[in-house]
């Protein structure tokens, strides 16, 4: 029995809450390094603070996936986790700009704690969205579902990245004061928290998940009166080790590509600000940008790459249907490698937008193609758990770079962070090459 075909707006509502989550995540990506530098952190220590995100994802996403697989309530299977995570995420965004006030004698410590708190809640919120698309859509609509999700993620990234600039246009000060979070960043976090909660409420109230009996019928599973089971496990609830043992091979193959691509992205998020500080000039005046102007421009650059990603994602499904997921995936990653190369040689403030186009195309492929390939090889009853486990391929490279990045930039590159962007380009090139070894079951 096939799942019913959903309309475009039903598919849109499935992922609309991800728009708000990505606004918050984009604010974090663009401003975390600057916030901690303002609070006194050294550039060689920045990668350690960034470890909060992948560590939170590694712990939370598999647990949320496993628990949500077995959660059947009148509110749905994934929706309760999405809603609860959104409430906590909103609180974290409101607290982050106030860390110097919350613990004045140790602002870095409280900032690191709130960052971890924020990342835990982001992961609780975003993990079920991946499984929700797979739960609700037939195989013929899954690529479309993940493409729509990719579009919304990138739209959220644009909004989050540009919020600080919008605040300065509204007259909010961008003055950088040691020991304080700039006002335009603080107000951006407040606005991001409100938008996150509002968008998630759209998904919560506009999505009706399949009840367990109906879900079992659509997926050819056994139904025991409460849970849908696949019939291959005696208790229907395989443990974590059993899930790892029965992991689809394509997940491991994709893991190699994911390692290199996410390592490259993590390097950019961590080191873009220190890499371009003192190296970017305004072509109109010929002057090097100040620290405050550089931080605002980092937000602009982080808001540029999701724009081509939005545009590409509209056509990604059609192109993949014609040429295959692997060809499209590899081509996207190659564009990212070229983009990182461009960041090494361009110092003109406005021309730096061009490399971000290539990185944006890579970002579109990274957000859609792996999930489209993987979702067809995963059992429906364990979709949440495997989507959570697949998150290891995102968090492990970030943890590796977080632990080694400080040593690399200090001892290999002489504290010149711009070469970390060159390393990111090498990683993205390796990711593109590794796609050749992925076995895509979609014919």
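The values are calculated or read from the model by the stated rules, or taken from the named source; none is laboratory data. None of the values given here were measured: they were computed from a predicted structure. Counting neighbours? That spans all protein chains shown, and the Cβs are built from the backbone with ideal geometry, glycine included.
Going by what's in this entry, would residue 156 be described as over 21 Å from residue 208 (Cα atoms) and either modelled with pLDDT of 85 or more or assigned to a loop (DSSP other than H, G, I, E, B) (or both)? Considered against the rule, which asks whether it is over 21 Å from residue 208 (Cα atoms) and either modelled with pLDDT of 85 or more or assigned to a loop (DSSP other than H, G, I, E, B) (or both), residue 156 comes out as yes. Taken together, 321, 331 contain a single residue that is at pLDDT 90 or above, touching a helix residue (DSSP H, G or I) at 6+ places or on another chain (Cβ under 8 Å) and either farther than 29 Å from residue 38 by Cα or assigned to a loop (DSSP other than H, G, I, E, B) (or both), which is 331. Taking every residue in the range 310-329 that is buried (at least 22 other Cβ atoms within 10 Å of the Cβ) and pairing it with any residue that is not in a helix (DSSP H, G or I), at least 6 positions away or on another chain, the pairs with Cβ-Cβ distances below 7 Å are 325/440; 325/442.
To keep it simple, each residue is scored yes or no on (1) buried (at least 24 other Cβ atoms within 10 Å of the Cβ); (2) in contact (Cβ under 8 Å) with a residue 60 or more places away in the chain; (3) within 15 Å of residue 59 (Cβ to Cβ).
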{"site": "376", "(1), (2), (3)": "no, yes, no"}
{"site": "386", "(1), (2), (3)": "yes, yes, no"}
{"site": "401", "(1), (2), (3)": "yes, yes, no"}
{"site": "410", "(1), (2), (3)": "no, yes, no"}
{"site": "413", "(1), (2), (3)": "no, no, no"}
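In the condition set (1) farther than 26 Å from residue 36 by Cα; (2) crowded, with 20+ Cβ neighbours inside 10 Å; (3) at pLDDT 85 or above, residue 351 is compliant with all but (2). Those helices (runs of 4 or more DSSP H) of the range 352-443 in which at least 2 residues are closer than 24 Å to residue 280 by Cα, considering only elements entirely within it, cover 353-375, 392-407, 418-434. Scan the range 270-289 for residues that are surrounded by fewer than 19 Cβ atoms within 10 Å (Cβ to Cβ) and at pLDDT 85 or above and the total you get is 0. Looking across the range 167-190, just one residue is surrounded by 19 or more Cβ atoms within 10 Å (Cβ to Cβ) and closer than 30 Å to residue 77 by Cα, and that is 189. Reported count of residues in the range 193-249, each being closer than 30 Å to residue 89 by Cβ, touching a strand residue (DSSP E or B) at 6+ places or on another chain (Cβ under 6 Å) and either at pLDDT below 75 or assigned to a helix (DSSP H, G or I) (or both), is 2.
Within the range 153-166, the set of residues being touching a residue at least 24 places away in the same chain (Cβ under 8 Å) and surrounded by fewer than 24 Cβ atoms within 10 Å (Cβ to Cβ) comprises 155, 158, 159, 162, 165.
Right, residue 145: surrounded by 22 or more Cβ atoms within 10 Å (Cβ to Cβ), under 15 Å from the mean Cα position of the chain (by Cα), assigned to a helix (DSSP H, G or I) and on the phi < 0 side of the Ramachandran plot or not? Answer is no for this residue. The listed residues are 19, 6, 27, and the only one of them that is modelled with pLDDT of 85 or more and either touching a strand residue (DSSP E or B) at 6+ places or on another chain (Cβ under 7 Å) or assigned to a loop (DSSP other than H, G, I, E, B) (or both) turns out to be 6. Identify, please: which residue in the range 76-99 is surrounded by fewer than 18 Cβ atoms within 10 Å (Cβ to Cβ) and touching a residue at least 40 places away in the same chain (Cβ under 8 Å) and is, among those, farthest from residue 33 (Cα to Cα)? Within the range 76-99, the match that is farthest from residue 33 (Cα to Cα) is 84. Note down all Cβ pairs under 8 Å where the first residue falls in the range 345-361 and is closer than 19 Å to residue 151 by Cβ, the second is in a loop (DSSP other than H, G, I, E, B), and they're at least six residues apart or on different chains. Short answer, once both residue conditions are applied: 356/305; 357/305; 359/305; 360/305.
Being in contact with a strand residue (DSSP E or B) (Cβ under 8 Å, 6 or more places away or on another chain) and closer than 24 Å to residue 181 by Cβ, is that true of even one residue in the range 274-281? Within the range 274-281, one or more residues are in contact with a strand residue (DSSP E or B) (Cβ under 8 Å, 6 or more places away or on another chain) and closer than 24 Å to residue 181 by Cβ.
Checking the range 292-305 against the condition returns no match, with no residue being over 25 Å from residue 275 (Cβ atoms), modelled with pLDDT under 85, surrounded by fewer than 23 Cβ atoms within 10 Å (Cβ to Cβ) and over 21 Å from the mean Cα position of the chain (by Cα).
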